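The values are calculated or read from the model by the stated rules, or taken from the named source; none is laboratory data. Treat the numbers as computed from the prediction; the structure is a model and nothing was measured. Please note: Cβ atoms are built from the backbone with ideal geometry, for glycine as well, and neighbour counts cover all protein chains shown. Protein only, heavy atoms only, side chains kept; ligands, DNA and RNA dropped before computing areas. Shrake-Rupley method; radii C 1.70, N 1.55, O 1.52, S 1.80 Å.
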Amino acid sequence: MRDRRGLGLIVHRVLCALALVAGCSSVAQGQSGPRAELLGRYVWQDGGTDFGGLSGFELSDDGTRFWAQSDRGGALFDGRVTRDQGMITEMTIEGRRALLNGKGNPLRGRGADAEGLALGADGTLYVSFEGRARVSAYPDIDGPARDVPRAPAFAEMQENASLEALAIDRDGILYTLPERSGRATLPFPVYSFDGQDWDVAFTVPRRDSFLPVGADIGPDGLFYLLERDFTGLGFRSRVRRFDMTGDKEVTLFQTGTGTHDNLEGLAVWRDDQGIRLTMVSDDNFKFFQTTEIVEYRVRD
């Protein structure tokens, strides 16, 4: 989702710098069970005018390839991740294009507000959209979209707060949820698509003022949800983990204001040390924000 905030975001950048000096060690407080610990931060810079606003993010199973999508103009990037002792040292864009609609034309206007990104086992990319809430499939990332049938509920969603997050499991079932549930007391419905029909697979409770912005199914088969809260002075971030019934809920980390920028995209993968959470920020194409990648390690 695009953030239309001004002075508060300038203050946010100052807070980000202070948080980095302090060590960025925010985790769930008072929690003795599973949690995630910060591994590192990489500031991603690129001179292209289409680069920025990254809201969707995917990694290959080994963390060496990436796909990143902008919420402005449907720009999609893919390329290589260079690491040294597991830490990101370079993000190399090897392909950049504008996503196409079903007729093969570049997406435009409200139809180009791409938010969630999911990578199928067969290489198909799936994108969820705000504006007109929908999910599109891209068997060929340079080719036209193949629209996934819409759930009736999608037409009732708030235009700038609809299908913000998207995930896919090993069986090819898609999962998406809106950024807003309609009321502060209502849980977020997680919709699933099995190739034929949409259904509500489970719900996740609203906690505090955080709203969903990214999701992924981990290699452990669990549902990971990235959430964001804009406090007026900057952003707070949180990741919760659920089983696929929504019953078992764990807060893996929750940051204070300004620890990170506007984290919106989430990729969950496994290296030889365990589960990693890799997240990318949406800089809203603002000079006072940053496109950054942050990584956390899950400790069970």
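Just need a number here: residues in region 198-217 that are open to solvent by 40 Å² or more (accessible area, probe 1.4 Å), within 18 Å of Ala167 (Cβ to Cβ) and either at pLDDT below 95 or not hydrophobic (A, V, I, L, M, F, W, C) (or both).
Counting residues in region 198-217 that are open to solvent by 40 Å² or more (accessible area, probe 1.4 Å), within 18 Å of Ala167 (Cβ to Cβ) and either at pLDDT below 95 or not hydrophobic (A, V, I, L, M, F, W, C) (or both) gives 2.
Of all the residues that make up region 96-118, how many are in a strand (DSSP E or B) and surrounded by fewer than 22 Cβ atoms within 10 Å (Cβ to Cβ)? Even if it seems obvious, please write down each step before you answer.
Keep residues of region 96-118 that are in a strand (DSSP E or B), which gives 96-98, 100, 106, 114-118.
Narrowing further to those that are surrounded by fewer than 22 Cβ atoms within 10 Å (Cβ to Cβ): 96-98, 100, 106.
Adding up the residues that qualify gives 5.
Looking at (1) within 19 Å of the chain's Cα centre (by Cα); (2) modelled with pLDDT of 95 or more; (3) open to solvent by less than 50 Å² (accessible area, probe 1.4 Å), which is the one condition that is false for Glu37?
Going through the list (1) within 19 Å of the chain's Cα centre (by Cα); (2) modelled with pLDDT of 95 or more; (3) open to solvent by less than 50 Å² (accessible area, probe 1.4 Å), Glu37 breaks only (3).
Yes/no per residue for (1) of a type outside the set (S, T, N, Q); (2) more than 25 Å from Glu179 (Cα to Cα); (3) at pLDDT 95 or above:
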| position | (1), (2), (3) |
| --- | --- |
| Phe57 | yes, no, yes |
| Ile88 | yes, yes, yes |
| Leu100 | yes, no, yes |
| Arg108 | yes, no, no |
| Ala112 | yes, no, no |
| Gly123 | yes, yes, yes |
| Glu130 | yes, no, no |
| Val148 | yes, no, yes |
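Please enumerate the residues belonging to region 178-197 that are surrounded by 12 or more Cβ atoms within 10 Å (Cβ to Cβ) and among the hydroxyl-bearing types (Ser, Thr, Tyr). Steps first, answer last, please.
Kept after step one, since they are surrounded by 12 or more Cβ atoms within 10 Å (Cβ to Cβ), are these residues of region 178-197: 178-182, 186-194.
Hits for region 178-197 are Ser181, Tyr191, Ser192.
Take the residues in region 232-248 that are open to solvent by less than 10 Å² (accessible area, probe 1.4 Å) and assigned to a strand (DSSP E or B); name whichever of them is nearest to Leu266 (Cα to Cα).
Step by step, filter region 232-248, then rank; the result is Val239.
For region 251-300, name all the residues that are free of Cβ contacts under 8 Å to residues at least 60 places away in the same chain, outside any loop (DSSP other than H, G, I, E, B) and either surrounded by fewer than 19 Cβ atoms within 10 Å (Cβ to Cβ) or of a type in the set (S, T, N, Q) (or both).
Within region 251-300, just Gly274 meets the criteria.
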